[in-house]
1. For segment 32-48, which residues satisfy the criterion of being part of a loop (DSSP other than H, G, I, E, B) and touching a strand residue (DSSP E or B) at 6+ places or on another chain (Cβ under 8 Å)?
2. Considering each residue of segment 98-128, count those that are more than 15 Å from Ser77 (Cβ to Cβ), touching a helix residue (DSSP H, G or I) at 6+ places or on another chain (Cβ under 8 Å) and not acidic (Asp, Glu), and give that number.
3. Mind checking whether some residue in segment 136-151 is within 18 Å of Ser47 (Cβ to Cβ) and touching a Ser or Thr at 6+ places or on another chain (Cβ under 7 Å)?
4. Of the residues Arg165, Arg186, which is of a type in the set (Lys, Arg), at pLDDT below 90 and over 26 Å from Val90 (Cβ atoms)?
5. Say we look at segment 134-156 and pick out the residues that are modelled with pLDDT of 90 or more and more than 18 Å from Val90 (Cβ to Cβ); which of these is surrounded by the most Cβ atoms within 10 Å (Cβ to Cβ)?
6. Give the residue that is nearest to His48 (Cα to Cα), with candidates limited to residues of segment 58-75 that are at pLDDT below 90 and either open to solvent by less than 70 Å² (accessible area, probe 1.4 Å) or hydroxyl-bearing (Ser, Thr, Tyr) (or both).
7. Please state which one of Asp84, Asp98 is acidic (Asp, Glu), modelled with pLDDT under 95 and over 25 Å from Ala160 (Cβ atoms).
8. Test Asn32 against the criterion of being of a type outside the set (Gly, Ala, Ser) and either under 20 Å from Val138 (Cα atoms) or touching a helix residue (DSSP H, G or I) at 6+ places or on another chain (Cβ under 9 Å) (or both), and give yes or no.
Amino acid sequence: HGDQLYAGTRNAHGAHIWSTLDGNRWNVVIDNGFGEASNVAVRALVSHHNLLYAAIENSIGRDGEVWCYDWISWQPSALRGFVDTGNIAVAALAVYDDVLYAGTVNGTDGAQVWFNDGSGWWPSTSTGLGVGRNNRAVRALASYGGALWAGTENSADGCAIWYGRPQLGFTVLSKPAEVVPPNRIRYPVYITNTMSITLTNLVLIDQWESECRDFSDCCVYNRDEPWRSQIR
């Protein structure tokens, strides 16, 4: 990160982070588990957008965390366990397509992958990558060959390597229409598969509906063109 190499450790009294300029002399950066002795391990480090991110394991079930360093101070980047008490550790970090991804350890429901595109942290997969609790941990993440790769721990079926290319294009279109608040418009959603593989068994997991009570709350209206917006 920058011109220094960083290393994270496991320590029963609180994880450490060390840095070096020349590979010989090391300086301690963090020596107290980010203020909590139960933060016993730094499981992964990654540099992204001039920030250094650290994935944390907690020994007393207080949920894993992600911390980031902005050259001034360390701050929590994600809420504990990504607001899931089953995520007892964050075990992997990687950058893919300029987006930061994090993999968790979750023996209750199955491991999760989360991503941060600059607007906050969002879930990238269902629990256990769709398999369930047997896929209890994402132990490694890597960007390679135009895909994000995940190495999983699974004591029931055996470990596996998964990959994903989150490159679906979502376009929302509507015909021009006169709308008087607080009336509603329902938008038909057309999904375009931009990948080179065939997708099967797709499931709608959410419905989006917006209501505006005056035109100041709405997007710009153009009588001559359909409304268009991109959903990521």
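The values are calculated or read from the model by the stated rules, or taken from the named source; none is laboratory data. In this text, all values refer to a predicted model and were calculated from it rather than measured experimentally. As a convention, Cβ positions derive from the backbone with ideal geometry for all residues, glycine included, and neighbour counts pool all protein chains shown. Only protein heavy atoms, including side chains, enter the accessible area calculation; ligands, DNA and RNA are left aside. Shrake-Rupley method; radii C 1.70, N 1.55, O 1.52, S 1.80 Å.
1. Within segment 32-48, the first condition is being part of a loop (DSSP other than H, G, I, E, B), and the residues that meet it are 32-38.
Residues satisfying the conditions are Gly33, Phe34, Glu36, Ser38.
2. Number satisfying all stated conditions: 6.
3. no
4. Being of a type in the set (Lys, Arg), at pLDDT below 90 and over 26 Å from Val90 (Cβ atoms) holds for just one of Arg165, Arg186, which is Arg186.
5. Initially, segment 134-156 is screened for residues modelled with pLDDT of 90 or more, giving 134-144, 148-154, 156.
Pick out the ones that are also more than 18 Å from Val90 (Cβ to Cβ) and you get 134, 144, 154, 156.
Working: Asn134: 16, Tyr144: 10, Asn154: 19, Ala156: 10.
By that ranking, first place goes to Asn154.
6. Gly64
7. Asp98
8. Taking the combined requirement at face value, the residue does not satisfy it.
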